[in-house]
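The block underneath contains the structure these notes are about, expressed in structure tokens.
The values are calculated or read from the model by the stated rules, or taken from the named source; none is laboratory data. Please read all numbers here as calculations on a predicted model, not as lab measurements. Cβ: placed from backbone, ideal geometry, glycine included. Neighbour counts: every protein chain shown. Protein only, heavy atoms only, side chains kept; ligands, DNA and RNA dropped before computing areas. Shrake-Rupley method; radii C 1.70, N 1.55, O 1.52, S 1.80 Å.
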Amino acid sequence: MSCILLYPVCACFRYKARGLNENSDPGNEIECDQVVWKHPDYSEQPIPWSRYTWRRGSVPLWWTVNIRNGGMGEAEIKIRSTNTFRGSRRYVRRLQKRYMPDPHLHQGSADELAVVAGTDASLQVPVVFFSLLRKGTPDRDRSEAKLAEAFDYMASQLRGMHKLPVSYVALDWHQMDKELGSEALVEGFWAQLSSLLPSQGFALGTMSKVGPDHTDSDGQELSSSISSSGGSAAAAAGRGCSPVGKGWVARWIKQQRGVTRYNCADSLDRTNVGSFFGAVQVFIEQCRELDIAIAATSSSAASMARQALVRRQAAAATAAVLAAAGSSSTAAAAAVVNPATGQDKRSGS
């Protein structure tokens, strides 16, 4: 098994003007690919592969930051008071068109192809915004909370006014980590994503050698060999293939439909962690589709079980000592609640 992470698309990095620009491009925007493939048993066999794509970047509305104290501490966020959401819809529509399945790579029947290639089919492509911004606390009014409220309002307008399939999930990473701990935080994070990722799926296919590495291929070599078997079979083979470098052709079994996009204030630390844990869950499903075993072996599993037993026994002994001393411990839990839709009266997207 092999896995590689790719970052092929990147908008300009902007430290202060992090929101949209005149081209409706957010600052610090990056497209990420997670590609997994399985080495075949024999050199002539096709190589099965899978690809999952997600994005990360700053909040797609007009805002900037004011760096205080020489960059130490939290920066002051300033949201434009007029035309705050100008270009937001244009940006989302761009995502929908980019992550709409390519009808030429569709392997289904002609009727299914017609559905995929239907008029305005991209309007039904789902986009998930996963925000890790601070949402503020009663004792502290954070500027990130104002940005989170504006982001929530933008998503609600895209759903309500423009009828776009946009989902907005808000999780205050810092606050939940403080209250629940890292393990419970990640479990809550996965719970939020579990119902959203399956609708997007990921790409799946095989890659075949069709010529020397120094030759170009457009996929015709793969379909010409079966053209004598009938027009529909040949058409299906040509439609579901695409060139991969020189001398290789990819056959597509399924395509990803839609995208999940992660953000925090600067699209750095929290976004790194959040997108990693999101990709890990998809990685497990990719391995399952490719029949790649990633579970622990029986010997290592037994060792892990023994270690877990030792930890439980030690914890029980500690609890008994504390109980005898009259001590008690408490645990705090926090629920993830999406912020209410803002009542911002500024101009729409």
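Before we move on, is Asp25 open to solvent by 40 Å² or more (accessible area, probe 1.4 Å) and either at pLDDT 90 or above or closer than 19 Å to Arg261 by Cβ (or both)? When the stated conditions are applied, Asp25 passes them. Residues that are among the small types (Gly, Ala, Ser) and open to solvent by 20 Å² or more (accessible area, probe 1.4 Å) were ranked within region 122-144; the one that is modelled with the highest pLDDT is Ser143.
Scanning region 148-182 for residues that are open to solvent by 10 Å² or more (accessible area, probe 1.4 Å), charged (D, E, K, R) and either within 20 Å of the chain's Cα centre (by Cα) or under 23 Å from Gln200 (Cβ atoms) (or both) returns Arg159, Lys163, Asp172. Scanning region 79-97 for residues that are open to solvent by 60 Å² or more (accessible area, probe 1.4 Å) and either at pLDDT below 95 or assigned to a loop (DSSP other than H, G, I, E, B) (or both) returns Arg80, Ser81, Thr82, Asn83, Arg86.
The set of residues from region 159-189 being in contact with a Gly (Cβ under 9 Å, 6 or more places away or on another chain) and among the hydrophobic types (A, V, I, L, M, F, W, C) comprises Met161, Leu171, Trp173, Met176, Leu180, Phe189. Consider region 183-202 and keep the residues that are outside any helix (DSSP H, G or I) and of a type in the set (A, V, I, L, M, F, W, C). The one that is surrounded by the most Cβ atoms within 10 Å (Cβ to Cβ) is Phe202.
Checked against (1) in contact (Cβ under 8 Å) with a residue 40 or more places away in the chain; (2) over 21 Å from Trp252 (Cα atoms); (3) not in a helix (DSSP H, G or I), Gly205 passes all but condition (2).
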